[in-house]
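For reference, the structure is listed below as structure tokens.
Rule-based calculations on the coordinates, nothing more; no lab input. What you see is a predicted model, and the numbers here were worked out from it, not measured in a lab. As a convention, Cβ positions derive from the backbone with ideal geometry for all residues, glycine included, and neighbour counts pool all protein chains shown.
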Amino acid sequence: MSTASDDTLIRIDHLTKTYSRGGQPIPVLMDINLEVRRAEFVSLMGPSGSGKSTLLNLIAGIDQPTSGTIQIAGVDIATLDETALADWRAANVGFIFQFYNLMPVLTAYENVELPLLLTNLTRKQRKAHVEATLEMVRLADRMDHYPNELSGGQQQRVAIARALVTDPTLIVADEPTGDLDRATGEEVLALMDELHHDLGKTIVMVTHDPKAASRASRMIHLEKGVLVDDPADAH
Amino acid sequence: MFIFKLLLKNAFRHKLRTLLTMVGLVVAISAFGLLRTIVDAWYAGVEGTSSTRLITRSAISVGQPLPRYYAERIRKIEGVSGVTWANWFGGIYLDRRNFFARFAVDGPSYFAIYPEYQVSDAERIAFMADRQGAIIGRDLAQRFGWQVGDTIPLSGTIYPGNWSFTIRGIYASPDPNTDESIMLMHWSLLSENLRKRLGSTAAEQVALYVVGISDPSRASAISQDIDALFRNSTAETKTETEKSFQLGMVAMSQTVLMAIRAVSFVVVLIIMAVMANTMTMTARERLAEYATLKALGFSPAFVVKLLFGESLMIAVIGGAMGMALTFPLTAAFMQQTGTLFKVFEVSQTTLLYQALAALVVGLLAAAWPAWKMSRIDIVQGLRHVA
């Protein structure tokens, strides 16, 4: 079992996840123990089917473990019901998806504003937050554009702004450069670097790309549902 | 405000699909309104009845005549304030399609019992003075462009021969439920014709009596008294209130009315199925979006609101347009049917039912997809994109 320290943000103990397909149990994650410190940029790597996206989903609170505990900032999210978990995600997690997952009928501004609708901020306060965040991702001049009027890289930057606008404790990114060409992917990774270094955000990123993974401060490998080669274990 | 904007943008994301769904709603809601108005119009005659009038007809059927001399005996019954009689004249004016009601009546007693048929004294005197005279309703005059002094040729059906009548007056009524599309002619003229052709027995027969009573609360007792008077005679009677008589006439068309009612609801059910299909397709297409919203922290109730809101928005717009279209539609229908219906107006009840139908369509169409989407597994929904 891992030992918790004061700056531990994520603490996972004996986590397992098993899916059932056609009545057959299919283990996806087996006895995962992991700790992630605050302001760490962790990349989760592994071949397809290794369970890295499942682990990310469990950390983000959009999936439930079969057994074990996941504590994020001291909260065991595995024990939260659907409503409490939704509230927790709104307050603590920023999502970056491979295909951006922006609302096509909303402008860049409105997409970024979306998570703020779940807060108690006034319209004026929301406006200030959205504009500042779009400025940060260098899209202030495109805030009135719809997703289909933006390039892939720009759309992902809007998605990053959406993930960032509520100032979440944790940012989870699932293959954030998977749908982008090399140059645009680099821009997005550079932006994530900024989030990590300049804003001190804790980021957990799933990627296939070793070059993208190398941006992280720590690389974790998963194979067949088991953690292998976690540099933190060596410490 | 934000959610309203989102609903509006979502509703018109697939403009053609939304437009076609709305067109379907407009057609369904206006057709529903038109069909209900037709049913209402059928019953409009009932609304125009008086509580101070009874109808006495043959106990066998309304087609069986009664002896003319019953009038004097009915008049003597306590509570009866007046008696008049009428025969259905039938006949064709130029073409069978030019249908309107024609009654041979006893002028003086008829107008005394039907005070709502208002005609000037001069016209009434002119009618009384001319055995071939006729009084027609205002709607009928407008329909054929007739004026006082015009001649109406009728080809006899029930009473054979070529008949000719001169319009001596045009009646109108302050009561909107009064039928202003009737033609009245002298019963005495008909009687005289029958006497010549078929003899005195045929000449002294009437189709029905209209009995005036002064106290509506005694309608039942007086009806029983009248029928008792002719019990065990060769022509027994059946007396009922004018309203009951009219309802009985409407009941003869009950099957048709039931069919019209059924069609009106079927139309709504069809559009409900179309709308439900639209909403189901919409929800399936946006699976990943709803999963994203839930991942961001929006509750399942928010997703439900989005789907119900969008469905209701389409239903309300389509329903309102359908309701608005009902008015010109009924006006066009009225023009085509001439004076077939006494009153042909879209009632407030019909408008209320139309609004309710649109809302029910909007709500039910979104029920299944909203329930499904509220339960969507976020991970599965997000994979929908990948």
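Data for the structure
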quantity	calculated
Odd one out for B:Phe245, checked against (1) within 23 Å of B:Tyr43 (Cβ to Cβ); (2) out of contact with any helix residue (DSSP H, G or I) (no Cβ under 8 Å at 6 or more places or on another chain); (3) surrounded by fewer than 18 Cβ atoms within 10 Å (Cβ to Cβ)	(3)
Identity of the residue in segment B:157-167, of a type outside the set (S, T, N, Q) and exposed (fewer than 15 other Cβ atoms within 10 Å of the Cβ), that ends up farthest from the chain's Cα centre (by Cα)	B:Gly161
Candidates B:Ala71, B:Ala28, filtered to the one that is out of contact with any strand residue (DSSP E or B) (no Cβ under 6 Å at 6 or more places or on another chain), touching a residue at least 60 places away in the same chain (Cβ under 8 Å) and small (Gly, Ala, Ser)	B:Ala28
Residue in segment A:64-82 that is farther than 30 Å from B:His14 by Cα, of a type outside the set (S, T, N, Q), at the interface with another protein chain (Cβ under 9 Å from one of its Cβ atoms) and surrounded by fewer than 22 Cβ atoms within 10 Å (Cβ to Cβ) present	yes
Residues located in segment B:262-303, provided they are buried (at least 18 other Cβ atoms within 10 Å of the Cβ), more than 13 Å from every other protein chain (Cβ to nearest Cβ) and either outside any helix (DSSP H, G or I) or not hydroxyl-bearing (Ser, Thr, Tyr) (or both)	B:Val267, B:Val268, B:Ile271, B:Met272, B:Met275, B:Ala276, B:Met279, B:Ala283
Segment A:88-120, residues that are free of Cβ contacts under 8 Å to residues at least 24 places away in the same chain, over 17 Å from A:Asp144 (Cα atoms) and at the interface with chain B (Cβ under 9 Å from one of its Cβ atoms)	A:Leu117
Number of the exception - B:Tyr43 against (1) more than 30 Å from A:Leu117 (Cα to Cα); (2) within 14 Å of another protein chain (Cβ to nearest Cβ)	(2)
Some residue of segment A:132-151 being among the acidic types (Asp, Glu) and within 13 Å of chain B (Cβ to nearest Cβ)	no
Pick from segment A:50-63, criterion within 14 Å of chain B (Cβ to nearest Cβ) and closer than 15 Å to A:Leu227 by Cβ, ranking: surrounded by the fewest Cβ atoms within 10 Å (Cβ to Cβ)	A:Leu56
Hey, B:Thr237 touching a residue at least 12 places away in the same chain (Cβ under 8 Å), in contact with an Asp or Glu (Cβ under 8 Å, 6 or more places away or on another chain), away from every other protein chain (no Cβ under 14 Å) and buried (at least 20 other Cβ atoms within 10 Å of the Cβ) or not	yes
Residue in segment B:207-223 that is basic (Lys, Arg), under 22 Å from B:Gly82 (Cα atoms) and in a helix (DSSP H, G or I) present	yes
